[in-house]
2 protein chains.
Amino acid sequence: MRLAELSERSGVSTATIKYYLREGLLQPGRRVSATQAEYDGAHLRRLRLVRALIQLGKVPVATAREVIAAAEDESLDHHLRLGAATWALPHGPEPGEGDPEADAAGRTVAELLEHIGWQFGQEAGELSPAYRKLVTAVAALRRLDYPCDVAHLLPYARLAARLAVTDMDLVEEQPTEAGQIEAAVALTVLYEPVLLSLRRLAHAEESARRFTDGGTGGGEV
Amino acid sequence: MRLAELSERSGVSTATIKYYLREGLLQPGRRVSATQAEYDGAHLRRLRLVRALIQLGKVPVATAREVIAAAEDESLDHHLRLGAATWALPHGPEPGEGDPEADAAGRTVAELLEHIGWQFGQEAGELSPAYRKLVTAVAALRRLDYPCDVAHLLPYARLAARLAVTDMDLVEEQPTEAGQIEAAVALTVLYEPVLLSLRRLAHAEESARRFTDGGTGGGEV
């Protein structure tokens, strides 16, 4: 297909596609004349991934390039390629240096991972942005005196483990390795708002059930 | 306690505390002289909540003021006060107007809520920011041709329902109503990064288990 059709089918303007081509986020098309190139399904799919990363994942252009490079690095094994691609996604604030709450939070997180038996999580340890984000979040809860010891965090960790099984089943539905890596990146980014908004809707439901007469758990109003 | 001690105990600079006082985010202290005021535990707790909303929740100052006002509105019942406070929290992008994917996504979300039997979610319908955020996220998945029909979303909705029970148990641990409302706001904001980072750590664990020899599911390396 030509540039105009690629634009129409992806919903990305031709100016933005040209920008992505210049920035190396989109592989060049097959030249068919001095001024025209031919694009295919691989370009369309990449374009949608780039758009998902940049517009939904709020990933900066330079990081999107790293994510794509990691996803395509044939020298890494499948697990590492999935990991490298998703590690590059934004994770939020880092723990403060020498913050006593961060130190205590770090011990809580280490204890939690040991308790639930996540071997990879422990190995990756402080190298992993997700690990550091968790320490930051637990430190914030500690500072506010909200409950965040291992006993409180454990149900969340168990639910996260179930979620990961559901997520990885979706990833494995993709027939090709490249498709799986793309799916891992896209599902990490795109299922985060799904999960958070479902949690908030479930809060409303659970709160209605507990605190109003009209809730499912109560009688008729 | 005096301003200096409030600053030290909350970790918020005196300049920022004065700004929160001017903006009405923090209730004034009890005047003890022309230049000094006395603050207590209620100020400390409010300050930590304001800081959590603004620094962790990325809530704008005007919205933080609305969240606090809703949480303190005695005319609302407990369920509505919890809801009003958490609805004011940021939810991410809204669905596009007249977007065909958003329309299809809206039908999927309505079907999902009916299927799982969330009565409050259905009533609140399009009024709820969480509902609209879910539609936006499902529309994005549709556009990328990722699986997001009711069958795929249902396991996430079921996990969200379990999460909500865990969350509301934590809220109900707080002895006072004001404390419960504060906890609902703080846990909505503060447990989101906990949940997302645990999900990413669980991904790493599940990926290692499936795709490497050293994973828990495989043999010894």
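A:Pro90 meets each of the listed conditions (1) modelled with pLDDT of 65 or more; (2) within 23 Å of B:Ala140 (Cα to Cα) apart from (1). Residues that are modelled with pLDDT under 80, at the interface with chain A (Cβ under 8 Å from one of its Cβ atoms) and within 18 Å of the chain's Cα centre (by Cα) within region B:172-214 comprise B:Ala183, B:Ala184, B:Ala186, B:Leu187, B:Thr188, B:Leu190, listed in sequence order.
Exactly one of (1) at the interface with chain B (Cβ under 7 Å from one of its Cβ atoms); (2) modelled with pLDDT under 85; (3) over 16 Å from the mean Cα position of the chain (by Cα) is unmet by A:Asp99. Its number? Result: A:Asp99 fails condition (1) only.
The values are calculated or read from the model by the stated rules, or taken from the named source; none is laboratory data. Since the structure is predicted, the reported quantities are computational estimates derived from the model, not experimental observations. For neighbour counting, all protein chains shown are included, and Cβ atoms are generated from backbone atoms with ideal geometry for every residue, glycine included.
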